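Below is one structure, written out as structure tokens; the observations come after it.
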Amino acid sequence: MSELTRSNPSFIQKRRPSFSGGRLFYGWVQVIALSWTELISWGIVYYAFSVLIVPMSRELGWSRVEITGAFSTGLLVSGVASIPIGRWMDRHGARAVMTCGSIAAPVLIAAWAMVSSLAGFYLIWTGLGITMGAILYEPSFAVVTAWFTRHRGRALAILTFFGGLASVVFLPLGTWLVQRRGWRETLLILATTLAVTTIAPHWIFLRHRPGDYGLAPDGIGTDEHGNGQPTRGDSGSIRLRDALRGSAFWWIAVPFAVIGGCAIAVQVHLIPYLQDRGYSAAFAATATGSIGLLKLPGRLIFAPLSERIPARYVTTAVFLLHAMAVSVLAISDTTEAVILFVALFSAGNGMLTIIRATVIAERFGTHAFGGINGVSAFMWQIAVAAGPLGVSLLVAAWGSYAPVF
């Protein structure tokens with residue numbers, strides 16, 4: 001053992017991952033694995049819910065409010081769970097958390113397939129809320145921020161691009177399965193798919209920090225054989241406690257929560273808003289559905305921007321895109337204005353999730369990223385849950401969407 005290693009135990013290298021990817025930096029191996037698992041996890045745990053509301057309501061006699069209330073409960077629980085999960089990942093990495101989450105989620109979905117009581121349904125979605133905090137974007141972002149610095153934006157763009165495809169894949173697939181198999185059998189098929197496709201990649205490929213394996217972020221500092229010097233990590237990293245005591249965190253987290261809540265409120269209420277303005281139901285549904293698909297180019301545009309422009313400037317641009325989009329929608333009632341709104345809103349919204357993680361990592365470093373991002377995610381989920389409800393209350397009080405938008 002060298003003198004450096006004896007005097008600095010943190011420099012002791014762990015065994016390299018058995019699959020190192022050859023000349024490919026191991027961080028990209030994890031991005032590929034997570035892109036696959038996020039596509040499946042978002043599609044099954046999150047997006048498939050919408051195609052099950054009507055058949056569940058018909059069979060069980062529950063109102064749509066009662067059914068969607070369980071989903072909202074899960075979202076709130078996932079926000080709360082993001083804080084302890086993030087702190088765990090700061091110490092131990094995402095491997096165990098995401099593996100356990102991808103084991104628990106299929107079990108809970110299988111239980112959902114057999115549910116008969118509303119209380120049991122809410123209990124299941126409380127559990128699924130915890131698993132969402134363990135397998136969706138927040139833990140994946142922690143992996144990416146730990147393994148990438150210079151190419152962090154590119155890695156996040158790839159990851160969220162595939163996550164964004166989840167609705168495109170699983171909404172029609174879920175609808176097709178429900179029509180042919182019924183909602184209970186559909187859930188069993190989805191639970192099996194989730195288990196088979198996500199448990200192994202999370203366990204096999206995920207690792208903690210690159211410095212633990214003699215690697216540097218982005219693969220910088222390795223020789224031609226892929227051997228690198230162990231690193232201590234980001235010397236500028238800030239502890240969770242210190243971040244929460246400072247004003248910088250709140251200046252970041254609160255605006256992102258507000259814009260996130262407003263953005264989801266606009267998407268939820270866009271169809272009835274457009275119909276109130278005289279557009280057909282088909283046009284309103286097409287415009288709203290286009291937003292999800294058109295987010296994907298925004299995420300691809302983010303990658304080169306994030307590597308050339310400081311995150312604070314990209315954040316300003318993202319916020320301005322949202323404001324411009326809603327302004328266009330509010331002041332004009334032409335079809336062209338709606339199309340322009342969809343283009344601007346999709347571009348900004350596609351980058352919103354990525355830039356939040358990027359700003360937090362850039363400002364506070366990576367060693368406490370999981371905990372700091374977890375608190376931010378909790379605030380985000382509170383706003384996302386409150387936004388649509390707040391707009392509904394305002395519309396009820398004022399009698400129309402016009403003063404709200």
Take the conditions in contact with a helix residue (DSSP H, G or I) (Cβ under 9 Å, 6 or more places away or on another chain), surrounded by fewer than 24 Cβ atoms within 10 Å (Cβ to Cβ) and either outside any loop (DSSP other than H, G, I, E, B) or not assigned by TED's automatic domain parsing to the domain that holds Ile32 (or both) and apply them to Gly163. Does it pass? no
What single numbered condition from (1) exposed (fewer than 15 other Cβ atoms within 10 Å of the Cβ); (2) outside any helix (DSSP H, G or I) fails to hold for Val404? (1)
Those residues of region 268-299 which are free of Cβ contacts under 8 Å to residues at least 40 places away in the same chain and either surrounded by 15 or more Cβ atoms within 10 Å (Cβ to Cβ) or in a helix (DSSP H, G or I) (or both) amount to Leu270, Ile271, Gln275, Ala281, Ala282, Ala284, Ala285, Thr286, Thr288, Gly289
Residue within region 371-385 that is in contact with a Leu (Cβ under 8 Å, 6 or more places away or on another chain), over 18 Å from Ala265 (Cβ atoms) and not in a helix (DSSP H, G or I) present: no
Touching a Phe, Trp or Tyr at 6+ places or on another chain (Cβ under 6 Å) and within 24 Å of Pro139 (Cα to Cα): does that describe Ala383? no
Count of residues meeting criterion [free of Cβ contacts under 8 Å to residues at least 24 places away in the same chain and either outside the structural domain of Ile199 (by TED's automatic domain parsing) or hydroxyl-bearing (Ser, Thr, Tyr) (or both)] in region 89-135: 1
Residue set Thr131, Thr149; condition over 22 Å from Ala386 (Cβ atoms), crowded, with 19+ Cβ neighbours inside 10 Å and polar (S, T, N, Q); output residue Thr131
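The values are calculated or read from the model by the stated rules, or taken from the named source; none is laboratory data. Predicted model only: the values in this text are computed from it and were never measured. Methodologically, a virtual Cβ is constructed for each residue, glycine included, from the backbone with ideal geometry; neighbour enumeration extends over all protein chains shown.
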